[in-house]
Amino acid sequence: MADQKAPTEQQLAEALTNAAPILLASSPVARAARAAAPSPDETWELHGGTAWVYYGDGSQALTRPFILADGFNSGPSERDPLWEHFDNGAYPFLTELRRRGNDVVLLGFDERSASILDNARAATAAILRAIAERQGDSPLTVGGVSMGGLVTRYALAKLEAQHVDHQTSLYFSYDSPHRGAWIPVGLQAFAHYIKKLDSRFSDQMNSPAAQQLLSRHIQEWEDTPARSPLRTEFLAELERVGGWPMRPRKIGVANGVATGQSNGIRPGATAFEGKGLAITGTELYAQSQGDDQLVAQLRVVTLKKPQVRTSGLPDIDGAPGGTLEGFGILADALNALPAYTGMASEALIREHCFVPSVSAVDIKGVETHDDLYTPVAVLDPEESGLDDFKLASRNEAHSLMTEELGSWIIDQLG
């Protein structure tokens with residue numbers, strides 16, 4: 001309306017802090033479950049986490065442990081959404097595991113945005129508890145989704161470095177960013193730009209796990225994208241314990257294609273626009289190659305419209321790989337605010353590449369266009385730290401459980 005006024009910073013800050021936080025989850029496990037998960041046969045309270053244990057069908061004890069670790073988000077892992085994601089979608093992965101006699105151990109963390117090194121302690125505790133409680137001598141299967149694949153990779157490698165027998169014969173990762181994940185610089189910049197109004201989005205982008213996972217990170221909206229010192233330290237620590245566990249066979253899957261085909265996002269395209277009085281002028285753009293590339297113009301309440309530009313980055317938003325609805329999550333959260341805040345927005349492109357295919361199967365880095373878009377099929381599989389891997393037949397949502405990928409993992413169990 002013509003007489004409508006934009007809110008003051010104080011009014012907008014109150015509205016934002018009273019609303020649900022804007023958070024980018026690396027997997028859909030944060031969404032509310034449609035139904036409660038079945039009651040676990042055991043619940044293990046661990047240092048830094050919780051494990052929910054479901055015996056295989058017909059079993060009365062833990063005999064064939066399959067440990068699946070949760071991925072990145074903010075706050076503690078929740079059992080019901082975790083079960084929902086892996087069993088109530090296109091493929092009932094957990095049910096099928098149990099039907100074949102495997103005991104499912106869902107591993108959650110007290111704080112999913114904590115350091116990977118810290119959460120690896122919970123993974124280690126779960127591995128040792130499974131060994132202690134297991135009946136018989138069947139080896140363990142250990143892995144995780146997204147960040148969970150890195151947590152368990154490090155935990156197993158560290159146990160070997162300490163000469164502890166982890167009794168694991170198979171390691172798996174499900175769309176894990178072995179060579180780095182990606183959140184558009186424009187999205188990171190917006191999170192930091194509204195920090196004085198509501199710090200929770202910025203806090204998540206600056207959390208230890210986010211900095212360790214992202215190939216490029218900014219601490220403040222004006223910063224130049226670079227590798228975070230926390231990522232450098234994490235990679236050095238991973239290398240110190242051998243990089244990979246050597247005893248288990250190592251497999252992984254990617255929610256992106258092996259063909260090098262883009263997900264269709266055009267470099268430089270407008271992905272997000274502010275529409276309300278308080279945010280008109282904010283625009284976020286898909287990442288382009290080259291120098292001095294505009295990735296964001298920011299405006300919230302004040303008249304200032306600073307721009308964010310990058311140089312030397314690849315066109316990674318459109319790269320083959322598992323996608324995250326980062327722009328869509330932001331627009332949905334702002335549109336849920338009261339109308340008086342003037343924060344109405346539109347995501348013209350909802351998603352972006354989050355875990356490139358080459359990262360999920362650990363075969364190339366994510367720093368150049370050529371590495372990102374090279375067909376995995378033409379690369380030497382020996383370049384990967386994984387012994388075998390499978391990629392999806394289409395670029396799909398990061399961590400999406402499909403029969404194509406889930407049944408392949410189950411078939412590897414023998």
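Looking at residue 349, is it under 17 Å from residue 396 (Cβ atoms) and assigned to a loop (DSSP other than H, G, I, E, B)? When the stated conditions are applied, residue 349 passes them. Considering only the range 87-115, state which residues are among the β-branched types (Val, Ile, Thr) and either part of a loop (DSSP other than H, G, I, E, B) or open to solvent by 10 Å² or more (accessible area, probe 1.4 Å) (or both). Across the range 87-115, the qualifying residue is only 95. When the range 280-300 is filtered for residues that are among the β-branched types (Val, Ile, Thr) and under 16 Å from residue 191 (Cβ atoms), the ones remaining, listed by number, are 282, 295, 300. Among residues of the range 302-324 that are closer than 18 Å to residue 368 by Cα, those with a Cβ under 7 angstrom from a residue that is of a type in the set (Phe, Trp, Tyr) and part of a loop (DSSP other than H, G, I, E, B), sequence gap 6+ or separate chain, pair up as 316/182.
Looking at this structure, is residue 196 crowded, with 20+ Cβ neighbours inside 10 Å, among the basic types (Lys, Arg) and over 15 Å from residue 179 (Cα atoms)? For residue 196, the condition - crowded, with 20+ Cβ neighbours inside 10 Å, among the basic types (Lys, Arg) and over 15 Å from residue 179 (Cα atoms) - is not met. Counting just the residues of the range 293-305 that are touching a Ser or Thr at 6+ places or on another chain (Cβ under 6 Å) and in a loop (DSSP other than H, G, I, E, B), which one comes out surrounded by the most Cβ atoms within 10 Å (Cβ to Cβ)? If we take residues in the range 293-305 being touching a Ser or Thr at 6+ places or on another chain (Cβ under 6 Å) and in a loop (DSSP other than H, G, I, E, B), then 298 is surrounded by the most Cβ atoms within 10 Å (Cβ to Cβ). The number of residues in the range 313-344 being open to solvent by 10 Å² or more (accessible area, probe 1.4 Å), more than 16 Å from the chain's Cα centre (by Cα) and within 23 Å of residue 18 (Cα to Cα) comes to 9. Considering only the range 138-154, I want to know if a residue exists there that is at pLDDT 95 or above and surrounded by fewer than 22 Cβ atoms within 10 Å (Cβ to Cβ). Yes, because at least one residue in the range 138-154 is at pLDDT 95 or above and surrounded by fewer than 22 Cβ atoms within 10 Å (Cβ to Cβ). Filtering the range 155-192 to residues that are closer than 30 Å to residue 281 by Cα and either under 17 Å from the mean Cα position of the chain (by Cα) or buried (at least 24 other Cβ atoms within 10 Å of the Cβ) (or both) leaves 181, 182, 183, 184, 185, 186, 187, 188, 189, 190, 191.
Here residue 127 does not qualify as of a type in the set (Val, Ile, Thr), open to solvent by 10 Å² or more (accessible area, probe 1.4 Å), part of a helix (DSSP H, G or I) and farther than 24 Å from residue 365 by Cβ.
Can residue 373 be described as more than 18 Å from the chain's Cα centre (by Cα), within 30 Å of residue 13 (Cβ to Cβ) and open to solvent by 10 Å² or more (accessible area, probe 1.4 Å)? Considered against the rule, which asks whether it is more than 18 Å from the chain's Cα centre (by Cα), within 30 Å of residue 13 (Cβ to Cβ) and open to solvent by 10 Å² or more (accessible area, probe 1.4 Å), residue 373 comes out as no.
State whether one or more residues within the range 306-316 are in a helix (DSSP H, G or I) and among the aliphatic types (A, V, I, L, M). No; the residues of the range 306-316 include none that is in a helix (DSSP H, G or I) and among the aliphatic types (A, V, I, L, M).
The values are calculated or read from the model by the stated rules, or taken from the named source; none is laboratory data. Only a predicted model underlies this, so the values are computations on that prediction, with no experimental measurement involved. Counting neighbours? That spans all protein chains shown, and the Cβs are built from the backbone with ideal geometry, glycine included. Areas reflect the complete protein model, heavy atoms only, side chains present, ligands, DNA and RNA absent. Shrake-Rupley method; radii C 1.70, N 1.55, O 1.52, S 1.80 Å.
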